[in-house]
1. Given the conditions (1) within 12 Å of L79 (Cα to Cα); (2) at pLDDT 95 or above, report the number of the one that K156 does not fulfil.
2. I need a count of the residues in region 17-46 that are without any contact (Cβ under 8 Å) to a residue 12 or more places away in the chain and not in a helix (DSSP H, G or I).
3. For region 42-62, what are the residues that are under 17 Å from the mean Cα position of the chain (by Cα) and either in the same structural domain as R215 (by TED's automatic domain parsing) or charged (D, E, K, R) (or both)?
4. Taking the conditions exactly as written (more than 22 Å from the chain's Cα centre (by Cα) and within 16 Å of the ligand (Cβ to nearest atom)), does S218 satisfy them or not?
5. Kindly establish whether D263 is farther than 16 Å from W340 by Cα, of a type in the set (D, E, K, R) and touching a strand residue (DSSP E or B) at 6+ places or on another chain (Cβ under 7 Å).
6. Take the conditions modelled with pLDDT under 95, more than 18 Å from R143 (Cα to Cα), among the small types (G, A, S) and surrounded by fewer than 16 Cβ atoms within 10 Å (Cβ to Cβ) and apply them to G93. Does it pass?
Amino acid sequence: MSTSNLQPERVETEIRAEAKRYGFDEVRFASAFPVAGIDEYDRFLEDGLNGTMEWMAKSRPPRADPRQLLPSVRTIAVLGMRYGHARPPDPGGLTGKVACYAWGRDYHNLIGKRLHRMTRNLRTALPGLETYAGVDSRPIIERAWAQQSGMGFLGKNALAIIPAKSSYLFLASILINAELAPTKPLRDHCGSCRRCLDTCPTSAFIGPGQLDARRCISYLTIEHKGRISADLMEKTGRWFFGCDDCQEVCPHNPANPLPADPDFAPRPGHAWMDLEWVLNTDDESLMQHFQGSPIRRPGPTGLKRNAATVLGNLGDAAARPALLHARTHPDESVRHAAVWALDRL
Ligand code: SF4
């Protein structure tokens with residue numbers, strides 16, 4: 001399709017208007033070539049830092065050449081939506097922490113639907129416009145495009161950060177066939193700070209901006225299947241699902257977060273998880289409970305393994321009945337975590 005009828009200013013105006021309409025807080029643009037972040041991505045894979053996330057290697061070809069997603073691509077529109085709400089107070093007791101991104105609705109569904117409507121409206125308003133949109137699960141290195149477009153700088157914690165505003169950002173991309181003026185990248189805003197590197201409980205950063213996913217609590221509690229090694233179980237501390245330690249210490253995240261989409265506000269009981277309830281609820285009911293929530297991702301066995309792990313770290317004898325129950329679970333990784341936890345009570 002020819003792009004000659006697509007006036008860049010008009011395309012940009014329409015995208016900005018639609019992005020605002022669908023709740024995105026930030027919009028930036030990057031030229032589709034050269035491709036952002038692929039060298040770093042390759043080094044990550046070559047060093048095996050992706051753990052068991054084999055999909056990262058399988059999805060490399062379109063990440064390296066976005067023409068495989070949209071043959072006519074010229075520009076990447078990068079969209080950012082803040083999700084950071086203030087963490088509810090610690091209820092204490094036998095509860096575990098949930099990463100902030102998972103307190104509300106599943107962003108894949110929510111943002112995916114908004115992108116679908118948005119791109120449909122754009123194609124209607126701009127005949128000749130071709131689009132390919134994705135949020136997280138599509139093969140696009142969103143963090144790198146966020147950096148290239150100047151939406152944020154890449155912090156030492158390997159996240160895209162909007163200076164003095166937030167790193168709690170969902171990133172989405174729309175590939176388009178129009179040539180828009182790229183927005184400028186930002187300079188580094190970490191300076192001599194290294195709080196995130198020093199705070200990480202598992203020392204998962206092997207250097208500034210270089211994360212060994214195999215040691216990352218988010219990876220271990222969400223993506224990793226099976227047993228977690230004993231030394232890492234101990235270091236997960238109170239994290240039941242994901243981890244925000246490297247964001248909570250970052251000075252670019254204000255103590256009182258900027259307003260974020262209400263769909264990501266904490267659902268009751270989703271910021272601090274009742275761990276006994278997780279272990280005592282049958283697998284099917286657990287999955288039904290987390291319908292529409294990102295917390296569903298590790299499945300019942302991953303969630304129960306995580307609950308037993310945190311109970312072991314809490315070391316409260318009140319958890320014994322739930323752990324004894326978990327010790328009879330059909331999944332080996334749940335039993336392993338329960339036995340490990342019982343030993344620590
Ligand atoms: Fe950069 Fe400090 Fe934030 Fe880490 S905590 S990303 S070093 S500013």
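The values are calculated or read from the model by the stated rules, or taken from the named source; none is laboratory data. Owing to the predicted nature of the structure, the values given are computational and were not obtained by experimental measurement. Cβ sites come from the backbone with ideal geometry, for glycine too, and all protein chains shown count toward neighbours.
1. (1)
2. 2
3. none
4. No: the conditions fail for S218.
5. Values: farther than 16 Å from W340 by Cα: yes; of a type in the set (D, E, K, R): yes; touching a strand residue (DSSP E or B) at 6+ places or on another chain (Cβ under 7 Å): no.
No, not satisfied.
6. On the way: modelled with pLDDT under 95: no; more than 18 Å from R143 (Cα to Cα): yes; among the small types (G, A, S): yes; surrounded by fewer than 16 Cβ atoms within 10 Å (Cβ to Cβ): yes.
Considered against the rule, which asks whether it is modelled with pLDDT under 95, more than 18 Å from R143 (Cα to Cα), among the small types (G, A, S) and surrounded by fewer than 16 Cβ atoms within 10 Å (Cβ to Cβ), G93 comes out as no.
Each row is one residue, and each column tells you yes or no for (1) under 15 Å from G80 (Cα atoms); (2) in contact (Cβ under 8 Å) with a residue 60 or more places away in the chain.
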site	(1), (2)
T131	no, yes
D136	yes, no
K156	no, no
P163	yes, yes
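Here is a yes/no grid of residues against (1) touching an Asp or Glu at 6+ places or on another chain (Cβ under 9 Å); (2) surrounded by fewer than 19 Cβ atoms within 10 Å (Cβ to Cβ):
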{"residue": "I174", "(1), (2)": "no, no"}
{"residue": "A181", "(1), (2)": "yes, yes"}
{"residue": "R187", "(1), (2)": "no, yes"}
{"residue": "C193", "(1), (2)": "no, yes"}
{"residue": "C196", "(1), (2)": "yes, no"}
{"residue": "T202", "(1), (2)": "yes, no"}
{"residue": "F205", "(1), (2)": "yes, no"}
{"residue": "L211", "(1), (2)": "no, no"}
{"residue": "R215", "(1), (2)": "no, no"}
